[in-house]
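Undergrad: Mind looking over this structure? Questions follow.
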């Protein structure tokens, strides 16, 4: 195991990232299981740890000009319990289904996105919200749409010296009522087979059917086969969940 660093200022964290190979961590709910799995198979990672939980500015939800800002280290529990416009209903419903309440209290929205699992619960709701990712480094800051940020299974556009600091949601999307539906092998504490987030503006995002969640108005589905379901089943299930989401919105 490498060194452990827990800065209290963003600048200090970016200096660490610029100078060494680091594993960024916040809640640790994805990192620790992944590290244990790698070690069990004889491939432990010896990189240093950069703990960002001491940086106050990376947490919280706030209004900003033109929309809303969600700090990358904001917990799922904070999102679940926040009083937000109806456009965030899908994201808040996803927050209620991410593991148990202990995981929701520890896990962060930024960690969920940076882990870039095809079954990441935060991706379809934020993609539906047309969210932008704010990345910072000593070189400056930049913003990417979520579709540009997640490149594939466990792959993102984040450079090694960059930190995801916030998610930005435009006001127009925040005001459009939304819903989230998730299909798994049981009701709770499950990795999804199919997820759907939809809003009254007609934006529909489907997750767990391909390496990256997809907006139906931009691309068609290309379902995958894996241990949880076949591509054919996913295609049928996605169509059903989209229909149910639209019925709920219509009601």
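The values are calculated or read from the model by the stated rules, or taken from the named source; none is laboratory data. Small disclaimer: the values here were computed from a predicted structure and weren't measured. Cβ sites come from the backbone with ideal geometry, for glycine too, and all protein chains shown count toward neighbours.
Undergrad: How many of the residues making up the range 2-18 are farther than 18 Å from residue 134 by Cα, at pLDDT 95 or above and surrounded by fewer than 16 Cβ atoms within 10 Å (Cβ to Cβ)?
TA: 2
Undergrad: Any residue at all in the range 133-147 that is part of a helix (DSSP H, G or I), under 30 Å from residue 8 (Cα atoms) and touching a helix residue (DSSP H, G or I) at 6+ places or on another chain (Cβ under 9 Å)?
TA: yes
Undergrad: Restricting the search to the range 93-110, which residues are in a helix (DSSP H, G or I) and either surrounded by fewer than 24 Cβ atoms within 10 Å (Cβ to Cβ) or in contact with a strand residue (DSSP E or B) (Cβ under 8 Å, 6 or more places away or on another chain) (or both)?
TA: Passing the criteria: 93, 94, 96, 101, 102, 103, 104, 105, 106, 109, 110.
Undergrad: Given 163, 135, 144, 126, which one is modelled with pLDDT of 95 or more and either surrounded by fewer than 18 Cβ atoms within 10 Å (Cβ to Cβ) or on the phi > 0 side of the Ramachandran plot (or both)?
TA: Matching residue, one of 163, 135, 144, 126: 144.
Undergrad: Given the criterion farther than 17 Å from residue 120 by Cβ, modelled with pLDDT of 95 or more and out of contact with any strand residue (DSSP E or B) (no Cβ under 6 Å at 6 or more places or on another chain), identify the matching residue among 240, 171.
TA: Checking each option against the conditions leaves just 240.
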